[in-house]
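Taken together, the values in this text are just the output of simple stated rules run on the coordinates, not laboratory data. Just so we're clear, the structure is a prediction, and the values are computed from it rather than from any experiment. Note that we place each Cβ from the backbone using ideal geometry, even for glycine, and neighbour counts take in every protein chain shown.
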Amino acid sequence: MSRNRVSYTLDSTLETVNSAEATASKMATEAGFDDDEVVKISMAVREAAVNAVLHGNAYDPSKKVTLAFERTVRDLVITIRDQGKGIDLNAIPDPLAPENLLKTSGRGIFLIRSFMDEVEIHPSQAGTEIKLVKHVHGSAAGGKEASQ
Amino acid sequence: MTMKASTRQVDGVTIVDLSGRITLGEGSVILRDTVRELIGKGNKKILLNLGDVNYIDSSGIGELVSAFTTVRNQGGELKLLKLTKKVHDLLQITKLYTVFDVKDDEAAAVKAFGR
């Protein structure tokens, strides 16, 4: 099984969010996903990066965001880690509940779960790590991977 | 790829033509400021033309919701016009498609505002 992994350590800025999204788009395209899937993957990564920069590290310049992409035969795996206090998963309301529909925030993790095949969220006192998995299938499975 | 917003008046309705991305940061701020300015000037019938908006993130969705409630709380109406497929799909999965009044035709949208 071939594996490709690349990671970045980024500042807690809005530029990091845009950079994470752009890198995810590039990685997903190179992995052979179609345009719709590329948009979903890059959007999920953007939302995770927003959580890391805004809610996790709270734009603290002393705290970093780690972004890693790993390509296996079966999956594209993206891991995003912040150095915040750790997200409280029980405090995230259901954005689809009627009483929450008109809330102006709280949809990021819902969108991430909607767009990715697997999502693992690991909060700790040292920060939150979120692992996003998209299965390679169809044309993507026989695409760039086959030539590596 | 910044967002741009321009406004025009058609039969008492303010149409806001938006283009680009409505995302955390500049795009969301431009939308917020535009709607607040319109409300401040007494424009209470607002039609957001999203035909050239190719990307919205969760912050942008939140800003659309905020615009909707802000206008409604002032006794006005806010409708959406010409959603791209990506934006349409986003509003579907977040169940907001049923919250917003979404139109495809500008003339019909303008007529749909209360008199």
Cubic angstrom per residue, convex hull over Cα atoms of the protein assembly as shown: 131
Separation of the residue A:102 and residue A:26 label points, Cα + 7 Å toward Cβ, nm: 4.4
Roughly what angle does helix A:35-50 make with the longest principal axis of chain A, taking Cα atoms, 0 to 90 degrees, to the nearest 10? 40
So for the protein assembly as shown: antiparallel DSSP bridges make up what percent, rounded to the nearest 5? 70
Eigenvalues of the alpha-carbon gyration tensor of the stretch B:19-115, times 5 and square-rooted, give semi-axes in Å, largest first, of 19, 17, 12
Relative contact order, percent, of chain A when contacts are C-alpha pairs under 8 Å separated by at least 6 residues? 28
With 10 Å bins from 0: P(r) over chain A, alpha-carbon pairs, percent: 12, 41, 32, 13, 1, 0
Using a basic spin-label model with each label point 7 Å from the Cα along Cα→Cβ, how many nm lie between residue A:4 and residue A:90? 4.3
Averaging sequence separations of C-alpha pairs under 8 Å and six or more residues apart, then dividing by the length of chain B, give the relative contact order as a whole percent. 25
Rounded to the nearest 5, what % of the DSSP beta bridges within chain B are antiparallel ones? 30
Set the Förster radius R0 to 45 Å, insert the Cβ-Cβ distance between residue A:13 and residue B:111 as r into 1/(1 + (r/R0)^6), and round the FRET efficiency to 0.05. 0.50
So how strong a dipole does the protein assembly as shown carry about its Cα centre when Lys and Arg Cβ are +1 and Asp and Glu Cβ are -1, to the nearest 20 debye? 440
Take the cross-link list A:103/B:45; A:134/B:4; B:44/B:86; A:40/A:63; A:40/B:111 and give me the ones stretching past 25 Å between alpha-carbons. A:134/B:4; B:44/B:86; A:40/A:63; A:40/B:111
Could you tell me which of B:47, B:69, B:100 has its Cα farthest along the dipole of the stretch B:4-109 towards the positive end, charges placed at Cβ (Lys, Arg +1; Asp, Glu -1), taken about the Cα centre? B:69
Note down the net charge around residue A:119, summing +1 for each Lys or Arg and -1 for each Asp or Glu among other residues with Cβ under 13 Å from its Cβ. -2
What aspartates and glutamates sit close enough to residue B:95 to cross-link, taking a C-alpha to C-alpha distance under 18 Å and skipping anything fewer than 8 places away on the same chain? A:94, A:99, B:57, B:63
